[in-house]
Amino acid sequence: MKFDLKEAWNIAVGKIENWFESLAAMVPNLVVAAIIFILFFILARFARRLSGKVIRKFSNRTAVNALATTIFQILILGAGLIIVLNVLDLEQAVTSLLAGAGIIGLALGFAFQDIAANFISGILMAFRQPIKVGDIVETNDYMGEVEKIDLRVTTIRTFQGLHVLIPNKEVFQNPLKNYTKTHERRIDLSVGVSYADDLEKVRDIAEKTIKKLPFLLDGKEVNLFYNEFGDSSINFEIMFWIKYPGQAGFLKARSEAIIAIKKAFDENQITIPFPIRTLDFGIKGGERLSEMEILKENQESS
């Protein structure tokens, strides 16, 4: 087969001319697409600054704020990119891009679902703020002071000096006790007194003793309720409120209250009895103590 150089040249020139014609036809669309992309780029930067100011009113965590503003900016740029591709008549590319992003997102969601759950929980905690650094909390069987809250884990320092890293999903989904949310805490003390003591006298002395303590919260009543007849005492519970200064202050207040009640009871001859056990040898099937003593004496004399 004879190679025709002139015909090949004409084909090449024709292709190049077609390309230039197509390019010339697309110039208006390219200009419009460039302008749209620049506008969306400027809009994204402006929206990031504006969203940052709004988010900082609800969250003071730098990492979360930066993440939220970046996501907002990427969403706007992504919308601009889709519009640009449509202007350039690249609808097929848009469809393929969205389908690929969906498949990748689904695969990553299954592969990193625990990490994603902790991550989302961290974001929700940043906005709802159920706890903050410095709070005394109890969650997932751990109690201590919150030292750090990241997007993935919350760090708690227990009162024994241990650092516990708890995934945010566990903190967000499980019951949480925040002892410093209201800066108040009630102390409940259980005390028992002898059956021989005057209960009204006991109540008056215990309430007056607690009311004299310096750490008692103003405006809160001291309540005392008898709750049971115990094995060797009549038991009551006395309840009072303190300004919660931390776990160490709570333990000290409870300790001082116990010391004050014991001292007041000693001064007023009120007995906090030891556990008492009565041994009855006269029940059916047993022997009376007197009979046992007589039997023992007879055995010794013989």
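Provide a single number: the residues in segment 231-246 that are in contact with a strand residue (DSSP E or B) (Cβ under 6 Å, 6 or more places away or on another chain) and either on the phi > 0 side of the Ramachandran plot or not in a strand (DSSP E or B) (or both).
Number satisfying all stated conditions: 2.
Out of the residues in segment 215-230 meeting the condition of being at pLDDT 90 or above and in a loop (DSSP other than H, G, I, E, B), tell me which one is surrounded by the fewest Cβ atoms within 10 Å (Cβ to Cβ).
Of everything passing the filter in segment 215-230, GLU221 is surrounded by the fewest Cβ atoms within 10 Å (Cβ to Cβ).
Does PHE72 meet the test of being within 19 Å of PHE37 (Cβ to Cβ), under 29 Å from the mean Cα position of the chain (by Cα) and modelled with pLDDT of 65 or more? Explain how you work it out, then say what you get.
Working: within 19 Å of PHE37 (Cβ to Cβ): yes; under 29 Å from the mean Cα position of the chain (by Cα): yes; modelled with pLDDT of 65 or more: yes.
So PHE72 passes the test.
Could you tell me whether segment 141-162 includes any residue that is open to solvent by 50 Å² or more (accessible area, probe 1.4 Å), over 30 Å from MET125 (Cα atoms) and without any contact (Cβ under 8 Å) to a residue 60 or more places away in the chain?
no
Please identify the pairs in which a residue from segment 179-207 that is more than 19 Å from GLY246 (Cβ to Cβ) has its Cβ atom under 8 Å from the Cβ atom of a residue that is buried (at least 18 other Cβ atoms within 10 Å of the Cβ) and among the small types (Gly, Ala, Ser), counting only partners at least 6 apart or on another chain.
Correct list of pairs: LEU189/ALA257; VAL191/ALA206; GLY192/SER233; VAL193/SER233; SER194/SER233; TYR195/SER233.
Would you check if LEU39 is modelled with pLDDT of 75 or more, touching a helix residue (DSSP H, G or I) at 6+ places or on another chain (Cβ under 8 Å), more than 30 Å from PRO130 (Cα to Cα) and open to solvent by 90 Å² or more (accessible area, probe 1.4 Å)?
When the stated conditions are applied, LEU39 passes them.
Can you confirm whether SER194 is farther than 30 Å from LYS132 by Cβ and open to solvent by less than 90 Å² (accessible area, probe 1.4 Å)?
When the stated conditions are applied, SER194 passes them.
What residue, among those in segment 255-276 that are buried (at least 16 other Cβ atoms within 10 Å of the Cβ) and assigned to a helix (DSSP H, G or I), is nearest to the chain's Cα centre (by Cα)?
Looking at residues that are buried (at least 16 other Cβ atoms within 10 Å of the Cβ) and assigned to a helix (DSSP H, G or I), I get ALA257.
Report yes if PRO175 is within 17 Å of ILE259 (Cα to Cα) and surrounded by fewer than 16 Cβ atoms within 10 Å (Cβ to Cβ), otherwise no.
no
Which of the numbered conditions does GLU91 fail, given that it passes all the others? Conditions: (1) closer than 30 Å to LEU30 by Cα; (2) at pLDDT 75 or above; (3) acidic (Asp, Glu).
Every condition holds for GLU91 apart from (2).
The values are calculated or read from the model by the stated rules, or taken from the named source; none is laboratory data. Computed from a predicted structure; not experimentally measured. Glycine also receives a Cβ, built like all others from the backbone with ideal geometry; neighbour counts cover every protein chain displayed. Just the protein is used for accessible areas: all its heavy atoms, side chains included, with ligands, DNA and RNA removed. Shrake-Rupley method; radii C 1.70, N 1.55, O 1.52, S 1.80 Å.
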